[in-house]
Amino acid sequence: MGNITEEIKRRRTFAIISHPDAGKTTLTEKFLLYGGAINLAGSVKGKATARHAVSDWMEIEKERGISVTSSVLQFEYGGYCINILDTPGHQDFSEDTYRTLMAADSAVMVIDASKGVEAQTRKLFKVCVMRKIPIFTFINKLDRDANDTFDLLDDIEKELGIATCPLNWPIGSGKEFKGVYDREKKCVISYADTEKGTREGTVTEIPIEDEAGLRALTGDAAADKLLEEVELLDGASAELDLELVQAGELSPVCFGSALTNFGVEIFLQHFLHMATTPLPRKADIGLVDPVENAFSAFVFKIQANMNKAHRDRIAFMRICSGKFDAQMEVRHVQGGKVMRLSQPQQIMADERKILSEAYAGDIIGVFDPGIFSIGDTVCMPKEKLQYEGIPTFAPEHFARVRQSDTMKRKQFVKGIEQIAQEGAIQIFQEFNTGLEEIIVGVVGVLQFDVLKYRLENEYNVEIRLENLPYEHIRWIENKEEVDIGKIVGTSDMKKVKDMKGNPLLLFVNPWSVGMTLDRNKGLVLTEFGRG
């Protein structure tokens, strides 16, 4: 048991969240660089070099320079085994990010120093607050002109409703960026524009008492400003309280520049020291302890066609307890089947490594023959437990989808169903009209582009999308008690059914929902679908 306990205790599993372009992918790469997982970091946008970021593997991501799927990266650093869940920065993919946060124990929030908290960060952050997960903040891009440091912290506190505790403090920004003051060591670490993409770089530390050395490094004006700010800071900022950090009520903040590598390793070391080991998870039998309980996991993501040469689907599972062994038999709770998980692997962007074992906190990908759904539980054959489901977001945009070539109906249906099982889109059909037409619902309109692109590139099917005016969707909570055919709606209402045959109502106007409820006594509508 000792070995399992030790392995679990050294796991750290976190998601990185940010607004697009805050530098999340660059930061991820630099973490991998320090872990020795890659030797040279590529230029993320692919402008300076032909290399693309390791965590962006889907073609459309490479073309657009945005992450649209979450990928999972594992590396070793300083005795820790670290699992990073990279999330899409684009708000049209917030649902994917939400599911990824369900699999993480803590979150790293990356903020652009010249922009502060942006709309997308706010939305994702609310999810972290709901789950009470610890948040660590990295304020990035200090090598460019930045906002006032106190204003940046104020922005986080006001916008996100969480206290902050700066672990270090920047001296200047842009061309005047001289380094950071480390509050614990009480010294200034000077900024060196380290060679981009490599680990090497010289670090000069000057104790804050050494005023002559400090002034020689920063100049008089910057030194005066720093001494004044440090005094203010020591009087005004929150104390570092690990309990508050782990309860998600206080965010430790570090400053740096991921592009030039400055401050990244300092941040990583602070983070590992403060982040929690894998935590107990809620299931229908109560809390499941990662160390005390035998193997169990839940599916938080399904990805088709990660390898174009093999038409494959990978179900990503977060191991919640115990040790996984590739030879063991497990129970797929929702499917009621005892089985072996096929081709268990860890995925490093688009490279895969077949696994023989993994532990609580780890993320594994297993081959999915089409039996897993998001939110499913797997556990030992004799165990009886089920983890909480992951709610489905209500789509806000709808379109009718038709394939251009009617001869390709089979590929079209297969492709659209597989992409829907990944949770990026939801598909509906007309209710009892006999029409085979498919309606697609998405949370963000960029998903339509991804759907079109993937159907063409992965399934060789061209489609036409016809936008529909519906913006509001309601599931029928008490479908067993209601005759769907007899529901009296409004002129802007449409009856549809989802993949599992559940009836839904689509509306153009929000007030139509209330009118429909008034006209059909006993009808119960809900905004959330159940997995």
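The values are calculated or read from the model by the stated rules, or taken from the named source; none is laboratory data. Keep in mind that this is a model prediction, so the values were computed, not measured. Backbone-built Cβ (ideal geometry, glycine too); neighbour counts: all protein chains shown. For accessibility, only protein heavy atoms count, side chains too; no ligands or nucleic acids. Shrake-Rupley method; radii C 1.70, N 1.55, O 1.52, S 1.80 Å.
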A correct Karplus calculation of ³J(HN,Hα) over segment 23-32, with 6.51 cos²θ - 1.76 cosθ + 1.60, θ = phi - 60°, whole Hz and x for Gly and Pro, returns x, 4, 5, 5, 4, 4, 4, 5, 4, 5
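Averaging sequence separations of C-alpha pairs under 8 Å and six or more residues apart, then dividing by the length of segment 375-531, give the relative contact order as a whole percent. Walk me through the numbers on the way to the answer.
On the way: 265 pairs, mean separation 44.1, N = 157.
Relative contact order comes out at 28 percent.
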Label model pair N3, R400: point-to-point distance (7 angstrom along the Cα→beta-carbon line) in nm is 6.2
Expressed in square angstrom to the nearest 10, the accessible area of D105 with a 1.4 Å probe stands at 0
Under a 1.4 Å probe, counting only protein heavy atoms, L232 has an accessible area in Å², nearest 10, of 100
Between Y359 and residues 5 or more places away or on another chain, the pairs with built amide H atoms under 5 Å apart involve F324
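Between M339 and Q411, 0.36 nm times their residue separation minus their Cα-Cα distance comes to what? Provide the component values of the computation, followed by the final result.
On the way: separation 72, 0.36 × 72 = 25.92 nm, distance 2.88 nm.
Result: 23.0 nm gained on full extension.
So if each residue of separation counts as 0.36 nm, and I subtract the Cα-Cα distance between R464 and L517, what length gain in nm does that give? Let's see the in-between values first.
Details: separation 53, 0.36 × 53 = 19.08 nm, distance 3.42 nm.
Roughly 15.7 nm would be gained on extension.
Restrict the search to segment 248-338; then list the GluC sites (Glu not before Pro) that DSSP places in a loop and that have at most 13 other Cβ atoms within 10 Å of their Cβ. Could the numbers behind the result be given before it?
Numbers: sites: E249, E265, E292, E329; in loops: E249, E292.
Sparse-neighbourhood loop GluC sites (Glu not before Pro): E292.
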Here segment 204-215 yields Karplus 3J(HN,Hα) values (6.51, -1.76, 1.60; θ = phi - 60°; whole Hz; Gly and Pro given as x) of 10, 10, 10, x, 5, 5, 7, 5, 5, x, 4, 5
Taking r as the C-beta separation of D234 and E357 and R0 as 35 Å, the FRET efficiency to the nearest 0.05 is 0.15
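Please state the shape class of segment 230-281: rounded when a/c is under 1.5, otherwise prolate if a/b exceeds b/c and oblate if not, all from the C-alpha gyration tensor.
Details: a/c = 2.92, a/b = 1.12, b/c = 2.62.
It is oblate, given that a/c is not under 1.5 and a/b is not larger than b/c.
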Carbon/sulfur accessible area of segment 128-234, % of total, 1.4 Å probe, equals 48
For K486, counting only aspartates and glutamates whose alpha-carbon sits under 17 Å away and dropping same-chain residues fewer than eight positions off, the answer is E430, E477, D518
So K500 and A247, fully extended at 0.36 nm per residue minus their Cα-Cα distance, gain in nm 87.3 nm
Residue by residue through segment 508-525, the couplings from Karplus 6.51 cos²θ - 1.76 cosθ + 1.60 with θ = phi - 60°, in Hz, x for Gly and Pro, are 7, 10, x, 6, 5, 4, x, 5, 5, 5, 4, 7, 10, 4, x, 6, 10, 10
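If you count only protein heavy atoms with a 1.4 Å probe, what accessible area per residue comes out for segment 420-507, rounded to a whole Å²? Could you put the intermediate results ahead of the total?
On the way: 4010 Å² over 88 residues.
Per-residue value: 46 Å².
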Protection proxy (average C-beta count within 10 Å per residue), highest first, orders 505-511, 443-449, 355-361 as 355-361, 443-449, 505-511
Residues whose built amide H sits under 5 Å from the amide H of T204, excluding neighbours closer than 5 in sequence, are S190
Cross-link reach from K175 to aspartates and glutamates, straight Cα distance under 14 Å and at least 8 residues apart if same chain, gives D143, D145, D193
Lys pairs in segment 322-479 with Cα under 16 Å (8 or more apart in sequence, or on separate chains) total 5
